[in-house]
1. To two decimal places, what compactness ratio does region C:183-306 give when its Cα radius of gyration is scaled by 2.2 N^0.38 Å?
2. Among rounded, prolate and oblate, which fits region B:11-147 when a ≥ b ≥ c are the square roots of the eigenvalues of its C-alpha gyration tensor, a/c under 1.5 means rounded, and a/b larger than b/c means prolate?
3. Let me check against my output: what whole-number percent is the relative contact order of chain D, with C-alpha pairs under 8 Å and at least 6 apart?
4. Placing +1 at every Lys and Arg Cβ and -1 at every Asp and Glu Cβ, with all other atoms neutral, what dipole size does region B:6-234 have around its Cα centre, in debye to the nearest 20?
5. How big is region B:18-64 by Rg and Dmax over its Cα atoms, in Å?
6. For region A:150-237, just say rounded, prolate or oblate: build the C-alpha gyration tensor, square-root its eigenvalues into a ≥ b ≥ c, call rounded for a/c under 1.5, and beyond that prolate if a/b exceeds b/c, oblate if not.
7. In square angstrom, what is the accessible area per residue of chain D with a 1.4 angstrom probe?
8. Would you kindly work out, in nm and rounded to one decimal, the distances from the label point of residue C:187 to those of the same position in each other copy, ordered shortest first, with label points 7 Å along Cα-to-Cβ?
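The values are calculated or read from the model by the stated rules, or taken from the named source; none is laboratory data. In this text the structure is predicted, and so the values were computed from the model without any measurement. Positions of Cβ are backbone-derived with ideal geometry, glycine not excepted, and every protein chain shown enters the neighbour counts. Heads up: the accessible areas ignore ligands, DNA and RNA and are worked out on the full protein's heavy atoms, side chains in. Shrake-Rupley method; radii C 1.70, N 1.55, O 1.52, S 1.80 Å.
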Protein chains: 4
Amino acid sequence: MKTTHLQGLIAAPFTPFDSNGQLDCSRIPEYYSFLKRNKVTGAFINGSTGEGVSLTLEEKKAMAQAWADCSNHDEDFKVMVFLGGTCINDCIDLAKHAYEIGLYAVSLTAPFYFKPANVEMLAQACIMVGESVPNMPLYYYHIPVLTGVNFPMFDLIQALDGQLDNFAGIKYTHEDFMDFQSCMSYKDGKYDMLWGRDENMLSALVLGAKGAVGSTFNYAAPLYYDLIASFESNNLPKARQLQQKSINMIRLLGKYGGISVGKAYMKVAGLDLGDFRLPVKNMNASQFEAFQKDVQSLDFKSFKSN
Amino acid sequence: MKTTHLQGLIAAPFTPFDSNGQLDCSRIPEYYSFLKRNKVTGAFINGSTGEGVSLTLEEKKAMAQAWADCSNHDEDFKVMVFLGGTCINDCIDLAKHAYEIGLYAVSLTAPFYFKPANVEMLAQACIMVGESVPNMPLYYYHIPVLTGVNFPMFDLIQALDGQLDNFAGIKYTHEDFMDFQSCMSYKDGKYDMLWGRDENMLSALVLGAKGAVGSTFNYAAPLYYDLIASFESNNLPKARQLQQKSINMIRLLGKYGGISVGKAYMKVAGLDLGDFRLPVKNMNASQFEAFQKDVQSLDFKSFKSN
Amino acid sequence: MKTTHLQGLIAAPFTPFDSNGQLDCSRIPEYYSFLKRNKVTGAFINGSTGEGVSLTLEEKKAMAQAWADCSNHDEDFKVMVFLGGTCINDCIDLAKHAYEIGLYAVSLTAPFYFKPANVEMLAQACIMVGESVPNMPLYYYHIPVLTGVNFPMFDLIQALDGQLDNFAGIKYTHEDFMDFQSCMSYKDGKYDMLWGRDENMLSALVLGAKGAVGSTFNYAAPLYYDLIASFESNNLPKARQLQQKSINMIRLLGKYGGISVGKAYMKVAGLDLGDFRLPVKNMNASQFEAFQKDVQSLDFKSFKSN
Amino acid sequence: MKTTHLQGLIAAPFTPFDSNGQLDCSRIPEYYSFLKRNKVTGAFINGSTGEGVSLTLEEKKAMAQAWADCSNHDEDFKVMVFLGGTCINDCIDLAKHAYEIGLYAVSLTAPFYFKPANVEMLAQACIMVGESVPNMPLYYYHIPVLTGVNFPMFDLIQALDGQLDNFAGIKYTHEDFMDFQSCMSYKDGKYDMLWGRDENMLSALVLGAKGAVGSTFNYAAPLYYDLIASFESNNLPKARQLQQKSINMIRLLGKYGGISVGKAYMKVAGLDLGDFRLPVKNMNASQFEAFQKDVQSLDFKSFKSN
């Protein structure tokens, strides 16, 4: 099949839970509208930010259905669903479901309990899943900091090229710019390379990146669109200033406990999506208060979504 | 609840697949008899050796049911089932199922995609799962080489003690003997510490270990019972010689590709259980031939199960 | 003291050995001229590329003297000498020697046997060495892949700012662009941030980097000056193409055995500086022949030094 | 040359510094007598505990000379000197010096800045150093937690056997008991395997270890001799109890900041040897007070040296 290259900012949505920690699909239409108002061009659901690994198979399907219901009519908003990677049978089940309900694409990562011994075994896993949905683009999700699997993606592309027609590209969440650029250059840009490190976006734009998938696009897409526009108009001092703002925002994730801080940013931005599930730690009330003060000092309202 | 300490060798069974890679539960009665003939005292199913992470939820339950069906009448054969760890809701579902069908115990490991930030978060995950089956012993499964989570178990025991009545102990698959011994000593041996590194068993026996869970007990239990008897009769030269035989046997796993070599040993021992699923690599025919020659030179038949 | 910001390409020279593996200082004048012809603006000597850790104290001093002898008259060529890091007393000895013979600056890395427990201990080590040469710029050399010490440099800068007047900046050989940019932004660019990953230079230029230290500038400085000029004239397609050429060249280091391949490139460029010392592996004759063919296919002569 | 197997406890001495951080060789005779009173059978000087990497070449030689001066007449006390590993020329210089002044043996570790690419390169480094002192036993010092080099020692032994006559064995400071036992078994115990993890000694004794090198033998040798005697008389409950005491003692190193806590133990035992050099952190006065209280609760005086 012929795949296309995505453009712009694709948010990796959080998964909404109610106060009992149960999945709350009823929040998705509101969430979708929120992203649309901020010109987000798509969603990468059930991924790391979306706590896919903490959802049951049925919950993952329910979430996929909820996003399909409110966005399937919208040509300008592409939904891609993360399949996991460790249990290949589950990945195939989820991929077929995604195809049936009309989502745009699927994405799998490396098996992260038994790590593949070499890139060839990883390619076999991709092929087995990809062949189950031959008419749907499949992206590999490269995130070694979480999977512990860190082959050069340049090697994976060479192992898959010609072997899996619906292999579309890579969501690249890693800092190996030499590898990233080599993938971009491969066969004149045949594969779609989506940048996945919001804090380094400028360093990827200069290499030619056109699309990005990230968690901070949930609540700060305008900041990044400004950054992109500044870069494209060759106003580098402004682009650097905006990237530094993004870094300062992201630094608070480290300060307040990691990935769950994203949901706290969403709360500040006006969308309360509940807590993260175990084993992720959430802020308590007094930490949230301190966090809010830090957020104010960032001048967050000037670049946040609304 | 009051939990007991297990004794002897608990095998971690392989999961039987047919030639299409489909689960084949019909092999379990034969497998159970095979283990019984070799005096194995229990089974740790759906674990690493059992490829639990590569099975769907339904497959895990089917495997649990198959083992329950053939061993529930047998007081001298305890079946413990691995629950995973990454998705807590799945763990609870599987734990309740195990309880309903009458298995002996359950075991969970650390979430291995989002790693717990500290031992307290890990303890919370254990408590959440453990409380769902309050009348069933729960073992923590410590295997940092696969999970990437490596807190001292001495800290986890202190975090759980008094917080989870059915916490029974730890399947300890790691080489930190300082930590292992400290856990053994805790409150005069309150917790059941099951050794999980077959190649180092002698170094655990001297510290007082009484039970062990391992993959090589599937095909070489007699060797280890000899080792234990030699140790207990203070015949250390013989115990060392037997441990070295075990090491030589285990070294072939490294030589021929890792965990899947265990199923090749089973084939040599007379029980063909199929291949490992992706991403694990299996031997091809010529590798298997070379492997068989190496096995002969080990004098395998003298210590293998039959 | 007031320190300045360096500009352009600073080569990290190889250390010349004769056929018996003995230091050969007589090659330095020729080496210096070679670099000058290629518009290199300075040298970072006795560093990783220069095998500083494999040299004795006397050899390090001899090498420093040889570079001083031929470049001290040259305002446009700055020599900075690497001090090591593990033995603080040696670092101080070497720093004082560098000052006495008139070199431009010194650089130390983190102690890499006993790693500092926190950034504060690392800062103390920097201060102890820096205070021994108060009138000489001191750069920290950040290369976690070799030292195993990976604190954010943003934290080190904050720990040193106001505590060590001659702290001038960081040679940054790592891929953490978020950290690198934060250091660049600190107090409006107070500290001199020298980029140390040749294969990613374009991603650092876009963040505002003006100076770089690298091993491939020894033999391919013209390529990088072209890259910089293309970037500065906003010809990004050409800049990317040149960066990809640099990557292809650097990929051969991986293919032929690592750091010692740099001396093979020098041989092709016309300067035979001998082999690397143990434990580094050097190519044998047939490997060198294969390497030379690969080099030809890179169109090396178009961007190499001469 | 024919080498022998060492027996008993070999202390890894601390290096005495005065209050200005200068080497104080005058303390060695007193230190030597202290160790002799505690039946220590030798010293491994300038190693990790001895801060060899923080000493200049001249300081290392002065320390070696000081130990030679007071122990060369003593057949029952063997001094082995650590050479480092990163700079091969320095290792050779130190080895020749050790031979000239009459020390018993030398020991080198893996180069830890440029790590050897494979075991063959490591063996070449060992051979180059070993051949410089052909009439002196050479031990490899395996301590991957500090060097970052972790080849199986079973492979190194095979690479060196028959290639270096004075290769005597390995100081093994790692927890890979499978590898350790394989080395012990090699050619019926041809090589001398010295155990280097005091907290796990019992698990090594059961495998047949006869000699050990450790830092806690400086201040608690009687405890370990009791442990060995209990093991040898097959009183395992007592042996375990003593090993647990050793663990409790060692746990305070973690609690109070690592390797420098050993010098604090020495102070409590009556021998003040000064502080550790940078980058190692030393306790402040109030920490030392808290430490002393913890030491009392260990019943330290019952097993300490005196």
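1. 1.16
2. It comes out prolate by the Cα gyration axes.
3. Reported as a whole number, the value is 19 percent.
4. 140
5. 11.5, 32
6. prolate
7. For chain D, the solvent-accessible area averages 35 Å² per residue.
8. Result, one decimal in nm: 5.2, 5.5, 6.2.
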